[in-house]
1. Give the number of residues within segment A:30-69 that are under 14 Å from A:Met1 (Cα atoms) and among the basic types (Lys, Arg).
2. Of the residues C:Pro337, C:Pro353, only one is crowded, with 16+ Cβ neighbours inside 10 Å and farther than 19 Å from C:Ala280 by Cβ; which?
3. May I ask you to verify whether C:Lys228 is of a type outside the set (S, T, N, Q), in contact with a helix residue (DSSP H, G or I) (Cβ under 9 Å, 6 or more places away or on another chain) and surrounded by fewer than 17 Cβ atoms within 10 Å (Cβ to Cβ)?
4. From (1) over 21 Å from B:Trp255 (Cβ atoms); (2) in contact with a Phe, Trp or Tyr (Cβ under 6 Å, 6 or more places away or on another chain), pick out the condition that doesn't hold for B:Val180.
5. Please determine whether any residue of segment C:114-125 is under 17 Å from C:Gln39 (Cα atoms), part of a helix (DSSP H, G or I) and either away from chain A (no Cβ under 14 Å) or in contact with a helix residue (DSSP H, G or I) (Cβ under 8 Å, 6 or more places away or on another chain) (or both).
6. Quick check on this structure: which one of C:Gln215, C:Gln230 is of a type in the set (S, T, N, Q) and touching a Leu at 6+ places or on another chain (Cβ under 6 Å)?
7. Tally time: how many residues in segment B:40-50 are surrounded by fewer than 24 Cβ atoms within 10 Å (Cβ to Cβ), aliphatic (A, V, I, L, M) and either more than 9 Å from every other protein chain (Cβ to nearest Cβ) or under 15 Å from the mean Cα position of the chain (by Cα) (or both)?
Amino acid sequence: MQAYKIGSYALFLEPKRCKGCLLCVYSCPKQILFLNGSGKIAVREIEPCIFCRICEMRCPDFAIWVEKALTPSPSPVPTRSLPVHGEGQGGVEGWRKPG
Amino acid sequence: MPNTKALASYEEREKRFTGAHALCAGCGTPIAVRAVLNAIEEPVVVVTATGCLEVATTRYPTTAWNVPWLHVAFENAAAVASGVESAYRVLRRRGKISKEIRFVAFAGDGGTYDIGLQALSGALERGHRFLYVCCDNEAYMNTGNQRSGATPFAAQTSTAPVGQESFGKIQRRKDLTEIVVAHRIPFVAQASIGDWYDLANKVRKAISTDGPSFINVMSSCPRGWGHDANQTVKITRLALETCFWPLFEVEDGRWSLNYVPEERLPIEIWLRPQKRFAHLFEPQEKTELLREIQKQVDRDWERLLQRCEVSACASV
Amino acid sequence: MKKILEKEHRTLLTGAEAAAHTMRQLRPEVVPVYPITPQTPIIETFAQFVADGFVDTEIINVESEHSAMSAAVGASCGGARVLTATSSQGLALMLEICYIASAMRCPIGMAVGSRALSGPINIHCDHSDSMMARDAGWVQIFCENAQEAYDLSIVGQKLAEDQRVLLPVMTIQDGFTITHSAEPVALLPDEAVTEFVGEYRALYPLLDTEHPTTQGPFALPDYYFELKRQQVDAMENVYAVWGELQEEFAKLSGRRYRGLFEAYKLDDAEYIYIVLGATAGTAKVAIDRLRRQRKRVGLLKPWLFRPFPTEEIAQALQGCKAVAILDRALSLGSWGPLYSEISAALNTVSARPLLYNYIYGLGGRDIRPDQLMSVLKDLEGESDANVQRFIGLRE
């Protein structure tokens, strides 16, 4: 995960989740995003970013998001005990089972 | 109506649906799902029909859902939702649940227009309080682009392929939104991932409705429609500009139009970038078919304008 | 809430009405229903109970049985006690979701008024509907009369909701023969039933929004098998839980359903009849008459068909001379379903009796005691064993 901070805002990228669809790149009003050599989302320059969240709203994969007040959390999934795809080994603990 | 700031502020809420799911790059469905769930403030329970959304987000033992989520089968999302909603009502009455919960069902066009139509119709008629969202990508995309009742005229699919004797689907798509309107439920709307303000607004209205509500959301499938992943939003936008997929809502029987393009684009502009319509342009342009498609769009648009005008007059 | 039964009450009821009384006394939260003959009087009677304020259940008048079972699964996952009822084509239509109900461990209780499957279309009793659903992962209880239909659906619901089991249960009564015939039924006081069954508490209710759960996910080859295995274990647990609950129920009602099947005059029997459901009543008459002719015959009537009481039945049949297995359903291209089960059960037995398979009563064809009595001649050696025969059929 990468974070770019300006003032009280930060733009977060999670390249692991990125599928390279380019929707955010095409929708960014300041054109600060691009796909890097491995086809993952990257920031060209952060200064023009206005933290409008259009990239965040368009991203089907939750790979890019904005956070306020500089409290970066490792992921925007703070409360679940079950892992999401690709993050850690899942177990069957807690699943409905008899007795 | 929410503005960009309001929409952006929805994103600050805890994520109800999260990433690292296995949906294709540029898929329109997760965009619709996050927009819908973001616009709801209340605790929400989600029911999903079998389809891409279900298969790609809940590969056991992982999940992309941060809200209670239930899948039973393909054709019964509305029936399952009516069961959950009924359980909620009686458990609340018996004092076992105290808070207000909202219910949303997601299904694709196959699970709504075709195999799930009966269950949907029954649930709407019974008046359960839930929002049914159809993510309409105009074919059975989970199984690899087969023709559905929502597939448009002349589109190429794997079960209505183009060949010497065939130009793709020979029938028109069915107007599901109008079928739902005929159930006289309090809120029915057509929306698109190409216009978030409108979609968020409709979700707010639908979720505060005391009764069933239905939103038909156009959501493109880059692989099925045959366009680059980065064109997902643009293509659905073009469907609005060509009036192929108009945005409208029907509140208690009153029709109103939510978007009128300044200049109506010819349907060709929407068709041309999609490979499923490539046979209309290559090797040579099928002018007659294109004219027929344009005629259908014109007729539907005019009909819609009339309905909205009549509603406007009646409400004066 | 109004109560209608404060103490035990003996009254004239049809099987359908008895089943409706069970539904009322179990105080379900949700009952999704769809009419079909001969089950309809169950849901009609129950709907009247709700309309009269005897129970505050949410009835969902769905538009098909498929949606009935779908809504049942939804409500059950939500955390509600759910009951429903069906027959024949209705069960066939909901079958897809029946498999899902058991896999999702929804303890749904369903009264089945068993009826022949189309085609040709027929509204009368046979067991082809229940037999079609035998692999759906439901506990299947067959009842001989209205009293059993009442008692065993009470026990059945407690069995379904037991944490060691957590499986849906269908309580099967023969269509018309039981559903529409009135007989004296002893009803327990409402409170006794409520107390016996207790309140249903789901392990992971979907409606607990504080603790979100993903239910009904997509299981690939890496997990599917293990999840099915859990259902196998749950079915295995039914035998022991059934025994415990019958003891408890006997204390409550004075009616004892000992074991997994009823053994009628089995102790010294050389020839044994095996039959499911209402025909057991007819068979008992036949047995009594044969006993008067000094024939050593007995009847074995399984209450449980799923899980099948394999070991217990093998033990009971061990050493007898011949067994008449009466099937009220076909498994076209093979033996009757009950015959197949019994035959497999006897694999572990050294003194294996001769087996005779009889198909009877399809589409509601009547069966009389004299027809059952005449079967004995075959068993005594007049005819070959291991041949499928038909009773009451015009060839």
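1. Number of matching residues: 1.
2. Working: C:Pro337 fails: farther than 19 Å from C:Ala280 by Cβ.
Just one listed residue meets the conditions, C:Pro353.
3. Numbers: of a type outside the set (S, T, N, Q): yes; in contact with a helix residue (DSSP H, G or I) (Cβ under 9 Å, 6 or more places away or on another chain): yes; surrounded by fewer than 17 Cβ atoms within 10 Å (Cβ to Cβ): yes.
So C:Lys228 fits the description; yes.
4. Result: B:Val180 passes all but (1).
5. Keep residues of segment C:114-125 that are under 17 Å from C:Gln39 (Cα atoms), which gives C:114-118, C:121-125.
Still in the list and also part of a helix (DSSP H, G or I): none.
So far as segment C:114-125 goes, no, none of its residues is under 17 Å from C:Gln39 (Cα atoms), part of a helix (DSSP H, G or I) and either away from chain A (no Cβ under 14 Å) or in contact with a helix residue (DSSP H, G or I) (Cβ under 8 Å, 6 or more places away or on another chain) (or both).
6. Numbers: C:Gln230 fails: touching a Leu at 6+ places or on another chain (Cβ under 6 Å).
Exactly one residue qualifies, and that residue is C:Gln215.
7. Step one: filter segment B:40-50 for residues surrounded by fewer than 24 Cβ atoms within 10 Å (Cβ to Cβ), giving B:40-44, B:50.
Those still in the list that are aliphatic (A, V, I, L, M) too: B:40, B:44.
Restricting the remaining residues to those that are either more than 9 Å from every other protein chain (Cβ to nearest Cβ) or under 15 Å from the mean Cα position of the chain (by Cα) (or both) gives B:40.
The number of residues fulfilling the criteria is 1.
Here's the yes/no breakdown for (1) free of Cβ contacts under 8 Å to residues at least 40 places away in the same chain; (2) under 25 Å from C:Gly175 (Cβ atoms); (3) charged (D, E, K, R):
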position	(1), (2), (3)
C:Leu326	no, yes, no
C:Ala345	yes, no, no
C:Gly361	no, yes, no
C:Ser374	yes, no, no
C:Asp378	no, no, yes
C:Asp384	yes, no, yes
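The values are calculated or read from the model by the stated rules, or taken from the named source; none is laboratory data. Only a predicted model underlies this, so the values are computations on that prediction, with no experimental measurement involved. Every residue, glycine as well, gets a Cβ built from its backbone with ideal geometry; the counts of neighbours run over all protein chains shown.
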